[in-house]
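I have placed the structure first, in the form of structure tokens, so that the comments after it can refer back to it.
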Amino acid sequence: MRIARTIPPAASPITVRDLLNGFRGFLRQAEEIRRFERELKGHFGIRHCFSVSSGKAALTMILGALHDLYPARSEVVIPAFCCYSVPSAVVRAGLKVVLCDVDPETLDFDFAQLARVVSKRRDDSLLAVVPVHLFGLSSDIDRVRTLVDDPHVAIVEDAAQVMGAEHGGRKMGTVGDAGFFSLGRGKALSTVEGGVVVTDRCDIAAGIRRRMTLVPEYGGSDLIWQMVQAIALMVMQRPSFFWLPKSIPFLKVGGTFYEPDFRIRKMSAFHAGLARNWRNKLTDHSRARVAAAAAWSRIPWPDGLSNYSRRNGKPIHFIRYPLHVKDPGLWRDLLECSQTEGLGIMLTYPNSIDEIPELKDRFAGQGFPGANRLAREILTLPVHPLLSGRDRNRIERAFGAFFTGPETDRTRNRGESR
Ligand SMILES: *Cc1c(COP(=O)(O)O)cnc(C)c1O
């Protein structure tokens, strides 16, 4: 067990002031939630917004509303490499997961395969395509739209990891027919748990509004537990304490689970209150994340390691900085080194979606080589605001030990840290 500074792979700071805002929000009840939704609508320039207990709950609500509109359609295309919450939500909505492979060069759909997947479904079975903006990279929604070319098939943006980010002058999450953000742990903005649906489509919004009347609220006694969780997250995600939750196995920190039987609740007023200062927090945090990602991008990564930041110079609002490590031995060594030294370098999802034990029979005989590789070849570096300059140097030194690598850069960065 490691009892020393341990960097979490992702973190979104919570302050004492946020906690007080949370409590104040609890006292204001429904008015606090209306305030949050009003601000979201204004900021994102959309007409409809619904706040629920998680990102998966948000996706489930969207898919349910779509299924109400087109009951004969039940298939949902998702990338074969993404967060397990995505297939969990599809299954929770009573729909069928259809996978499309992912291009290891872009982390977006393998568009040649997407074209085949979509054209095979000219029989009106396709309900939606869910492009996922992974780690901060944007999925090419316009290209998805061109391929799908059917107004009855919705494009639902998984913007869980990119709240507040823009691409091509458009706010990510608002480009598709509907989108959702997650306010879970380690996201761009965190209220411990929470999720937000955004859409401009009145028919989808009407369906969600109808379904929301059946969604239970948290109980009054949940407040205590929510406060305990918020305080624990505020303290324990700090690098000086993160070793503690990480060493307690039953907390399963950083684990990824397929669980279609999750709870769906309306967002709690406490969580909406925690988010009170959300626009400033998003701005401040993303400034820190963009700066850390820029520092990682300046490193001349050796052969066999590639990053995803070469995109015509525009800063990318990564929430974790992905590196593609093509040598499995090196991938394992880096993770092991991070584990012993607490560097916050992490694998992403333990398997591709077609390899999830509960699901894999459904995809027998189908191939997703890109996704399979990514599950074993991607790891991420931390970029969150709790990462210090000294932490960055420690990580770089660790990499330096594996390569005869970037000496000049390391010396320069050492000067930079306080
Ligand atoms: C976190 C996440 C979700 C789910 O959000 P929760 O709030 O954890 O339910 C969905 N998709 C992606 C890509 C995510 O990172």
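Placing +1 on the Cβ of every Lys and Arg and -1 on the Cβ of every Asp and Glu, with no other charges, gives segment 242-389 a dipole of roughly 880 debye about its Cα centre. Here the Karplus curve 6.51 cos²θ - 1.76 cosθ + 1.60, taken at θ = phi - 60°, turns the phi angles of segment 351-359 into couplings of 8, 6, 5, 5, 9, 5, x, 5, 10 Hz, with x standing for Gly and Pro. Phi angles of segment 361-369 translate, via the Karplus equation with coefficients 6.51, -1.76, 1.60 and θ = phi - 60°, into HN-Hα couplings of 4, 5, 10, 4, x, 9, x, 9, x Hz per residue; Gly and Pro are given as x. Highest mean packing comes first when the peptides 87-96, 300-309 are listed by Cβ atoms within 10 Å, giving 87-96, 300-309. Couplings for segment 184-196, taken from phi via the Karplus curve 6.51 cos²θ - 1.76 cosθ + 1.60 with θ = phi - 60°, read x, 4, x, 8, 4, 10, 10, 10, 6, 8, x, x, 9 Hz in order; Gly and Pro are left as x. Summing +1 for each Lys or Arg and -1 for each Asp or Glu among the other residues whose beta-carbon sits under 13 angstrom from that of V175 gives -2.
Between the C-alpha center of segment 117-140 and that of segment 237-296 there is a gap of 27 Å.
Taking all Cα pairs closer than 8 Å and separated by 6 or more residues, the relative contact order of the chain comes to 25 percent. Could you sort out which of K171/K326; K171/K266; K96/K187 sit more than 29 Å apart by Cα distance in this structure? The pairs that break the limit, which is 29 Å between Cα atoms, are K171/K326. Taken about its Cα centre, the chain carries a charge dipole of about 1400 debye when Lys and Arg each add +1 at the Cβ and Asp and Glu each add -1 at the Cβ. Every helix of 4 or more DSSP H residues in the chain counts as -39500 (n - 2.57), and over all residues that averages to -12500 deg cm²/dmol at 222 nm.
Rounded to the nearest 0.05, what FRET efficiency do D142 and E358 have when you use their Cβ-Cβ distance and R0 = 35 Å? The value I calculate is 0.55. Which aspartates and glutamates does K314 reach when only Cα atoms under 20 Å apart count, and residues fewer than 8 places away in its own chain are ignored? Those aspartates and glutamates meeting the cut-off are E105, D108, D140, D142, E166, D284. Using C-alpha pairs below 8 Å separated by at least 6 residues, the relative contact order for segment 256-394 is 29 percent.
Straight-line cross-link partners of K56 among the aspartates and glutamates, defined as a Cα under 15 Å from its Cα and at least 8 positions apart when in the same chain: E157, D158, E193, E259, D261. As a calculated quantity, the FRET efficiency between I248 and R17 at R0 = 25 Å, using C-beta atoms, amounts to about 0.35.
Mind putting a number on the dipole of segment 55-175 about its Cα centre? Charges go on the C-beta only, +1 for Lys and Arg and -1 for Asp and Glu, and I need it in Debye to the nearest 20. Don't skip to the end; give the middle numbers.
Details: 12 positive and 16 negative charges, 67 e Å.
With only Lys, Arg, Asp and Glu charged at Cβ, the dipole is about 320 debye.
For the peptides 56-68, 213-225, 105-117, residues were scored by their other Cβ atoms within 10 Å and the scores averaged per peptide; the highest-first order is 56-68, 105-117, 213-225.
Normalising the average separation of contacting C-alpha pairs (under 8 angstrom, six or more residues apart) by the number of residues puts the relative contact order of segment 127-259 at 14 percent.
Only protein atoms count toward the accessible area here, which uses a 1.4 Å probe; on the chain, the carbon and sulfur part of that area reaches 53 percent.
If a spin label sat at a point 7 angstrom from the Cα of R332 along the line to its beta carbon, the backbone N atoms of segment 357-388 nearer than 20 Å would be those of 372-380. Between segment 325-356 and segment 167-198, the C-alpha centres lie 26 angstrom from each other.
Packing around the peptides 249-255, 261-267, taken as the average count of other Cβ atoms within 10 Å per residue, puts them in this order, highest first: 261-267, 249-255.
Say the dipole of segment 1-94 comes from +1 at the beta carbon of Lys and Arg and -1 at that of Asp and Glu; which of H67, S54, S88 then lies farthest toward its positive end? Projecting each Cα onto the dipole axis, the largest value belongs to S54.
The values are calculated or read from the model by the stated rules, or taken from the named source; none is laboratory data. Here the structure is a predicted model, which is why all the values come from computation and not from measurement. Virtual Cβ from ideal backbone geometry, glycine too; neighbours counted across all protein chains shown. These accessible areas exclude ligands, DNA and RNA; they are computed on the full protein's heavy atoms, side chains included. Shrake-Rupley method; radii C 1.70, N 1.55, O 1.52, S 1.80 Å.
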